[in-house]
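The values are calculated or read from the model by the stated rules, or taken from the named source; none is laboratory data. Predicted, not measured: the structure shown is a model, and the values here were computed from it. Cβ: placed from backbone, ideal geometry, glycine included. Neighbour counts: every protein chain shown. Surface accessibility is based on the protein's heavy atoms, side chains included, excluding ligands, DNA and RNA. Shrake-Rupley method; radii C 1.70, N 1.55, O 1.52, S 1.80 Å.
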Amino acid sequence: MGKNFQLTAIALTMTIGSLTACSGPSVKEKETTTPLQVTVSIVPQEYFVKRIGGDRVSVNTMIQPGTDPHTYEPKPEQLKTTAQSQAYFKIGVSLEDAWKDRLNSVNQQMLIVDTSQGVDKIPLTAEHNHDHDHSKEEKHQAGKNTLDPHIWLSPKRVKAQAETIYQTLAQLDPDQEAIYRANLEKFRQELDALDQEIRQNLAGIKNQKFMVFHPEWGYFAQDYGLEMIAIEIDGNEPSAAQLSQLIKQAKKENIKVIFTQPEFSQKTAETIAREIGGQVIPISAFAQNWSENLRQVSQKMATVLNQ
């Protein structure tokens, strides 16, 4: 009997152990393997967050490539995901102000983080982007509000954004802080290498001026010694008189290429290109692969500005 009892006890112990092993991870283990849910406004931010958070973070991106960020409205499924997010990373695009109350209402517990904090910003005004003649009142109105929001197109400014993202993820998930810190350092090295490569691509170009429809590339221009001439004026298509002035300016500056963005109208850029005997080349500020996109933009500009 004793021997049979021992065998029964051993079998029971093994069965319990087997059931425990099959029951899955403990609550604590589940918590450490469940990724953080965060929401961002634009695709480049998703790139930044994933570089630092890796598999520890699931990213809900509001504005997809090819969509005008000024008129975009979040879809119900995006708001549903936002309602489950632990943080929203702002960057300064107009959607954030327009939908601020709605985003807060779907998730009052969500941490709102401004990734533009600590970033050196430049003005976005007609006075800075055009050689057109503007009245003093027009210049005053244009300069009222307007810091350029396109801070994700400057690798050195992305460094400051990355630091804010790191700090937020470490705050939300302190057990993984060392991983986020290591990823941040690796991303900083990537940013330095990208910055150096862009500088090499644009070294020694003949013409520093380029024309683009929407004034997204001001920080990029400032960083790399270029001058952006924007067709769009204060968010509007140019008038007939302004269009004529742009054509004269393009001819004067020997500009042969007009850069356009898929999120905006191509019509005016095509008109200018016809008048100057030039061409239209698309570039995007919202590409999925942020670093490769900036690399390719610098290569395109180097080719065009050396003609």
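Do we find a residue being assigned to a helix (DSSP H, G or I), polar (S, T, N, Q) and in contact (Cβ under 8 Å) with a residue 40 or more places away in the chain anywhere in region 147-160? No: zero hits.
Being open to solvent by less than 60 Å² (accessible area, probe 1.4 Å) and not hydroxyl-bearing (Ser, Thr, Tyr) is a property that residue 223 has.
Of all residues in region 271-291, those satisfying the criterion of being assigned to a strand (DSSP E or B) and surrounded by 14 or more Cβ atoms within 10 Å (Cβ to Cβ) are 280, 281.
Please state which one of 218, 225, 235 is small (Gly, Ala, Ser), within 27 Å of the chain's Cα centre (by Cα) and over 26 Å from residue 163 (Cα atoms). Break it down stepwise before answering.
Working: 218 fails: over 26 Å from residue 163 (Cα atoms); 225 fails: over 26 Å from residue 163 (Cα atoms).
Result of the check over 218, 225, 235: 235.
Checking residue 231 against (1) open to solvent by less than 10 Å² (accessible area, probe 1.4 Å); (2) in contact with a helix residue (DSSP H, G or I) (Cβ under 6 Å, 6 or more places away or on another chain); (3) within 17 Å of residue 122 (Cα to Cα): exactly one of these is not met. Which one? Status for residue 231: all satisfied but (3).
Checked across region 202-224, the condition of being assigned to a helix (DSSP H, G or I) and in contact with a Pro (Cβ under 7 Å, 6 or more places away or on another chain) holds for no residue. Looking only at residues in region 195-211 that are over 19 Å from residue 155 (Cβ atoms) and of a type outside the set (S, T, N, Q), the one that is surrounded by the most Cβ atoms within 10 Å (Cβ to Cβ) is 211.
Report, by residue number, each residue of region 238-250 that is exposed (fewer than 15 other Cβ atoms within 10 Å of the Cβ) and either under 22 Å from the mean Cα position of the chain (by Cα) or assigned to a helix (DSSP H, G or I) (or both). Spell out how you get there, then give the answer.
Just the residues of region 238-250 that are exposed (fewer than 15 other Cβ atoms within 10 Å of the Cβ), to begin with: 239-241, 244, 248.
Selection gives 240, 241, 244, 248.
Among the residues of region 56-113, which ones are in contact with a strand residue (DSSP E or B) (Cβ under 7 Å, 6 or more places away or on another chain), among the aromatic types (Phe, Trp, Tyr) and either open to solvent by 80 Å² or more (accessible area, probe 1.4 Å) or over 19 Å from residue 171 (Cβ atoms) (or both)? The answer is 72, and nothing else.
Among residues of region 272-286 that are more than 14 Å from residue 231 (Cβ to Cβ) and among the polar types (S, T, N, Q), those with a Cβ under 7 angstrom from a residue that is at pLDDT 95 or above and part of a helix (DSSP H, G or I), sequence gap 6+ or separate chain, pair up as 284/293.
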